[in-house]
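J.: Below: one structure in structure tokens.
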Amino acid sequence: MAPHTEQLTRPAVQLRALTRSFDERVVLDGIDLDIPAGQFVALLGHSGSGKSTLLRAVAGLDHEVTGWGSPLLERSRELGGGQLSAPDRVSVVFQDSRLLPWRRVLANVLLGLDGREAEQKGREALAEVGLKGRERAWPNELSGGEQQRAALARSLVREPELLLADEPFGALDALTRIRMHALLRELWERHRPSVLLVTHDVDEAIVLADRVLVLERGRIGLDLAIDRAHPRGAYRRQLLSALGVTQDVR
């Protein structure tokens, strides 16, 4: 019992001196970051600031990073040198759903899993995201929002401790995005994984996250805790200022 309690108190993400360069250009410059278990964090920054690069490093998809880090709750490991691999209980959601067009929806959700227990969990995950009854549908029969719901179900069925989302709603229309925001927040409150959400949308970050980071010149320039009882406008102005926007057009 005690080890389980101790495990829950450890950070879901712990990075020290994380660095990534492309040729002579330093994209991530010695980043230190801790994300406690169960926290919802949004990452903002200009295009090309390294947001997706940081997320890929945490996911174990980039073997050229250097530094020290633990994307796992269970143990830490060295970054770089081919030693960092994606941990079993980390799920990634991308901007496009990446559903396989030749597999039906339930088969997409269960990709890499098998057995009756897995199938039941897949059906339950689809029901959670509002796709009950669409198990036998083909991906091209789903709307864009439904495809992203299926992608969320595919992530949740693995019961991740850490959910990484790389602008998952960027391609959706405004109304669908609002619905997906409500869904993601509801699912997070129910399952409580740690979440690192990459977004370029200040309002999306404020609506969804408990903490917002701004990546600037390869470093975290602002680390802002979000209090839901506090007016959003003040947070919006602070984040826009950190991004170099001096006039709010809204």
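The values are calculated or read from the model by the stated rules, or taken from the named source; none is laboratory data. Remember, it's a predicted structure, so these values are computed and weren't measured experimentally. Counting neighbours? That spans all protein chains shown, and the Cβs are built from the backbone with ideal geometry, glycine included. Accessible surface is based on the protein model in full, side chains and every heavy atom, while ligands, DNA and RNA are left aside. Shrake-Rupley method; radii C 1.70, N 1.55, O 1.52, S 1.80 Å.
J.: Give the residues of region 206-250 that are closer than 25 Å to G38 by Cα, open to solvent by 80 Å² or more (accessible area, probe 1.4 Å) and among the basic types (K, R), sorted by residue number.
T.: Result: R219, R228, R232.
J.: Name the residues in region 101-123 that are over 23 Å from L162 (Cα atoms) and loosely packed, with under 13 Cβ neighbours inside 10 Å, would you?
T.: Across region 101-123, the qualifying residues are P101, W102, G115, R116.
J.: Residues in region 42-90 that are surrounded by fewer than 23 Cβ atoms within 10 Å (Cβ to Cβ), part of a strand (DSSP E or B) and modelled with pLDDT of 80 or more: how many?
T.: Looking only at that region, the number is 2.
J.: For region 124-133, give me each residue that is in contact with a Leu (Cβ under 8 Å, 6 or more places away or on another chain), farther than 18 Å from R185 by Cβ and surrounded by fewer than 18 Cβ atoms within 10 Å (Cβ to Cβ).
T.: Result: K132, single match.
J.: Right, here's the next one. Just the residues that are under 18 Å from L43 (Cβ atoms) and touching a residue at least 40 places away in the same chain (Cβ under 8 Å), please, taken from region 170-183.
T.: G170
J.: With respect to G115, is the statement that it is without any contact (Cβ under 8 Å) to a residue 12 or more places away in the chain and not aliphatic (A, V, I, L, M) true? Give the steps one after another, and end with the answer.
T.: Working: without any contact (Cβ under 8 Å) to a residue 12 or more places away in the chain: yes; not aliphatic (A, V, I, L, M): yes.
Criteria met by G115.
J.: Answer yes or no as to whether A12 is small (G, A, S), part of a strand (DSSP E or B), modelled with pLDDT under 90 and more than 13 Å from L197 (Cα to Cα).
T.: Taking the combined requirement at face value, the residue satisfies it.
J.: Going residue by residue through region 140-149, is there one that turns out to be over 26 Å from L43 (Cβ atoms) and not in a helix (DSSP H, G or I)?
T.: Checked region 140-149: at least one residue is over 26 Å from L43 (Cβ atoms) and not in a helix (DSSP H, G or I).
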